[in-house]
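Okay, so here's the structure we're looking at.
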Amino acid sequence: MDNNNTSTQTIANLYGLDGKKLQRQYRDYLSEFKDWEYLEQSTKWLVYPQNIGKRLSIDEIALSQGELYTVVTNKKAKGRAGSIVAIISGTKSEEVIKYLKKIPEGKRRLVEEITLVMAGGMKLIAKKSFPRAVQVIDRFHVQQLASDTVQDIRVKYRWQALELENEAIKTAKNNNYQYLAEVFSNGDTRKQLLARSRYLLFKSPDKWTSSQKERAGILFKQYPMIKDQS
C-alpha cells in the first residue's frame, strides 16, 4: 500500500475535478475536521506539550489575512514534524503567557534556551513562561534592525538633499540663472547618489560590483554616519 502524502489538488488534476471544491469537501465531510476536539479553540490557541525541547524559538508570524500569531517552535526539529510547541493568536503578553501556561510547568522548566526577537513583550513572555531558559536574541533580527537603521539615515539625508535642491532651483529661477546640480565622479548627483545607494546597503561589501564600490566610497565620504552605522 502506498503511504506517500498526496495533495487534494494532485488528485483533482488526476481525475479532472475542481481542486478547491475537493479540498473543501475533504475538510468538511471526509476528514472529520468538524469533529476535531480542539476545533473551537484552534482559532485562538493550540499547544503541543509533547513537542517541547531544551532549545526553543519564539516569534510573531503573519498568517491568515495578515493576522499576527505568536509561534513557539522546537529548534531541534528544524521545521519538520513536531516543530510547533504552541501557536497563539495575537501578541499580547498576558494572553500568550496564559495559553503557554497550559503546558505543564515541569515541561516548561526543562527549557534551557529560547531564541527571540528584540521586543519587550517577547522577553516578558519568555521570562514568565520558561523561567529557567537563557534568552538569546535572534541574530537575523539584529541584522535587520541594523539594516533598517542605515536605510533610515539614508532616507533622511535624501530628503534633506531634495529640499536643498528645490531651494537652489527656486533661488536660481528668482535670480534668472540656470541651476546646475553637483555631479560626483561616478556621474551621480547628490540625490541620485542617495537614492541609488539603497541597493548596495542591503548587500555585503564583498558582493558589491565595481560601480557599487565606487558609489559606496563617495557615499561614505559625503555621509560618514552611514558608514559608521553599516
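FYI, it's all coordinate maths here, none of it is from the lab. Everything quoted here is computed from the prediction, not taken from an experiment. Counting neighbours? That spans all protein chains shown, and the Cβs are built from the backbone with ideal geometry, glycine included.
Odds and ends about this structure:
- CD proxy at 222 nm, helix term only [per DSSP H run n ≥ 4: -39500 (n - 2.57); per residue of the chain; nearest 500]: -14000 deg cm²/dmol
- Angle in degrees between helix 210-222 and the longest Cα principal axis of the chain, rounded to the nearest 10: 70 degrees
- Close amide-amide hydrogen proximity is noted between residue 115 and 56, 57, 58, 136, each under 5 Å apart and 5 or more residues distant or on a separate chain (H modeled in the peptide plane; Pro and chain starts excluded).
- Spin-label model, residue 167/residue 198: points 7 Å from Cα along the beta carbon direction are separated by 2.5 nm.
- Percent of beta bridges antiparallel (DSSP, the range 43-137, rounded to nearest 5): 65 percent
- Legend: P(r) of the range 104-230 from all alpha carbon pair distances, 10 Å bins from 0, whole percents, reading 11, 29, 20, 16, 13, 7, 3, 1, 0.
- Rounded to the nearest Hz, the phi-derived 3J(HN,Hα) couplings of the range 43-51 under the Karplus curve 6.51 cos²θ - 1.76 cosθ + 1.60 (θ = phi - 60°) are 6, 10, 6, 9, 10, 10, x, 5, 8, where x marks glycine and proline.
- If the segment from residue 113 to residue 11 were pulled out straight at 0.36 nm per residue, it would be longer than the present Cα-Cα gap by 32.4 nm.
- About the Cα centre, charge dipole magnitude for the range 160-230 (Lys/Arg +1, Asp/Glu -1 at Cβ), debye: 200 debye
- Counting other Cβ atoms within 10 Å as a rough exposure proxy, the listed residues 94, 60 run 94, 60 from fewest neighbours to most.
- Ranked 27, 55, criterion: other C-beta atoms within 10 Å, fewest first: 27, 55
- Alpha-carbon Rg/Rh ratio, for the range 43-137, with Rh computed the Kirkwood way: 0.92
- The range 153-230-the range 91-138 distance, computed between alpha-carbon centres (Å): 44 Å
- Going by neighbour counts of Cβ atoms within 10 Å, the residues 210, 197, 83 line up, fewest first, as 210, 83, 197.
- From the Kirkwood radius over Cα pairs of the chain, Stokes-Einstein at 4 °C and 1.567 mPa s returns a whole-number translational diffusion coefficient of 57 µm²/s.
- Crossing angle, helix 139-174 versus the chain [Cα axis fit, 0-90 degrees, rounded to tens]: 30 degrees
- Total formal charge among the other residues, if their Cβ is under 14 angstrom from that of residue 132, Lys/Arg +1 and Asp/Glu -1: +4
- FRET efficiency, residue 62 to residue 182 (Cβ-Cβ, R0 41 Å, nearest 0.05): 0.45
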